[in-house]
1. Report the accessible area of LEU113, computed with a 1.4 Å probe over the heavy atoms of all protein chains in place, in Å² rounded to the nearest 10.
2. Return the FRET efficiency for the residue pair ARG59, LYS131: r is the Cβ-Cβ distance, R0 is 41 Å, and the value is rounded to the nearest 0.05.
3. Would you kindly state how much longer the chain becomes between LEU67 and GLU115 on full extension, computed as 0.36 nm times their sequence separation minus their alpha carbon distance, in nm to one decimal?
4. Please list the non-local residues whose amide H lies under 5 Å from the amide H of ILE9, H modeled 1.01 Å from N, same-chain partners needing a gap of 5 or more.
5. To the nearest 10 Å², what's HIS91's accessible area with a 1.4 Å probe?
6. Once ligands and nucleic acids are excluded and a 1.4 Å probe is used, how much of VAL80 is accessible, expressed in Å² to the nearest 10?
7. When the chain is fully extended, how far beyond the present Cα-Cα distance does ASP43 get from ALA75, taking 0.36 nm per residue of separation?
8. Given labels modelled 7 Å from the Cα in the Cβ direction, how far is it in nm from SER162 to GLN94?
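The values are calculated or read from the model by the stated rules, or taken from the named source; none is laboratory data. All values reported here derive from a predicted model rather than from experimental measurement. Note that we place each Cβ from the backbone using ideal geometry, even for glycine, and neighbour counts take in every protein chain shown. Just so you know, the surface numbers come from the protein's heavy atoms only, side chains and all, with ligands and any DNA or RNA stripped out. Shrake-Rupley method; radii C 1.70, N 1.55, O 1.52, S 1.80 Å.
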Amino acid sequence: MTTQTPHIIACTDGSGYATSVYDHAAWASRRIEAGVEALHVLDQKRPASGSVDFSGAMRVDEREDLLTHLADLDAAQAKVAQIQGRAILDHAVQYLRDKGVADVQRTLRHGTLVEALHDLEAHTRLIVIGKRGHSADFDHLHLGGKLERVIRASARPVLVASRAFKPIKRALIAYDAAPAPKKPSAMPLKNPC
């Protein structure tokens, strides 16, 4: 559950970048004196188990039986995804508390990451997201697929976490004066490095 106090959102999928996301969120939390909300999103746009059409190769009773089994499989997979999501969030909350963040919340949402961040944006000061997510862990040549969408859609500052945390000493702010970009948001730091 989200509070009305502005906070930092730490986007997590439990990937190899998760620990770095938590470390960056804890670092920022100390500097801007804000709580952290760990966010995990269960993407509803995953392909359904029954997306292949076997109808021409089966009798009607076989097809109905298969569809029933596929529906049961989809329900079981959704339940497993929720259990995994809760476990990811439990780990995030414990990790952040161990790093000294007193105000830690967890949010498990359905939909897309961009939609979830949009819904939470009104009470968000900063979004922390990993450079790559779970599905891009081994693709070293490209940034994560959701990263660009999050950056383009967000009206809040986005801190992109690399695989390993290093205290931030300098920042680069990219700004395009074209009409499309929004003006950059300022995030004052209490104790800049």
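1. 30
2. 0.20
3. Numbers: separation 48, 0.36 × 48 = 17.28 nm, distance 3.03 nm.
Going from the current span to full extension adds 14.2 nm.
4. The list, which skips near neighbours in sequence, is GLU37, ARG125, LEU126, ILE127, VAL128.
5. It works out to around 100 Å².
6. Accessible area, nearest 10 Å²: 80 Å².
7. Numbers: separation 32, 0.36 × 32 = 11.52 nm, distance 1.42 nm.
Roughly 10.1 nm would be gained on extension.
8. Inter-label distance under the simple model: 2.9 nm.
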